[in-house]
1. What pairs can you find where one residue is in segment 3-27 and closer than 17 Å to Asn66 by Cβ, the other is in a loop (DSSP other than H, G, I, E, B) and modelled with pLDDT under 85, and their Cβ atoms are less than 6 Å apart, with a gap of 6+ or different chains?
2. With respect to Glu17, determine if the residue is within 11 Å of the chain's Cα centre (by Cα) and either surrounded by 14 or more Cβ atoms within 10 Å (Cβ to Cβ) or at pLDDT below 90 (or both).
3. Looking only at segment 25-43, count every residue that is among the acidic types (Asp, Glu) and surrounded by 10 or more Cβ atoms within 10 Å (Cβ to Cβ) and tell me the total.
4. I'd like the full set of residues that are among the aliphatic types (A, V, I, L, M) and in a helix (DSSP H, G or I), limited to segment 26-51.
5. For segment 58-73, enumerate the residues that are within 11 Å of the chain's Cα centre (by Cα) and surrounded by fewer than 11 Cβ atoms within 10 Å (Cβ to Cβ).
Amino acid sequence: MVTIAIGSADPFKDATERKLEFFNETMIMIAGYHLFCFTDFVPDVKIREKVGLSLMACTIFCVVVNILVVFKNPI
């Protein structure tokens, strides 16, 4: 719901802030979808390991993008 609100409304003054917030909300949603695979829904351990690696890659990507944005626009 927050992703839809950010996409349709313009709560931020700067377009970069809006894009970053949309990116962060999308990454949180993707991480949440990854967590479903750690339940009994996926019984195979090898698949859970691959999903765990994918979750770590998504998290690292999100952190790197946020750090780049912070250093691109100094305070």
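The values are calculated or read from the model by the stated rules, or taken from the named source; none is laboratory data. Computed from a prediction, not measured in an experiment: that's the story for all the values here. FYI the Cβ positions are ideal-geometry reconstructions off the backbone, even for glycines, and counts take in every protein chain you see.
1. Arg18/Phe12
2. Working: within 11 Å of the chain's Cα centre (by Cα): no; either surrounded by 14 or more Cβ atoms within 10 Å (Cβ to Cβ) or at pLDDT below 90 (or both): yes.
Here the answer is no, as Glu17 does not meet what is asked.
3. Residues of segment 25-43 among the acidic types (Asp, Glu): 25, 40.
In the following step, the residues that additionally are surrounded by 10 or more Cβ atoms within 10 Å (Cβ to Cβ) were identified as 25.
Residues flagged as among the acidic types (Asp, Glu) and surrounded by 10 or more Cβ atoms within 10 Å (Cβ to Cβ) within segment 25-43 amount to 1.
4. As a first pass, look at segment 26-51 and keep what is among the aliphatic types (A, V, I, L, M): 27-31, 35, 42, 45, 47, 51.
Scanning segment 26-51 gives Met27, Ile28, Met29, Ile30, Ala31, Leu35, Val45, Ile47, Val51.
5. Going through segment 58-73, the residues within 11 Å of the chain's Cα centre (by Cα) turn out to be 58-63, 65-66.
Within segment 58-73, just Ile60 meets the criteria.
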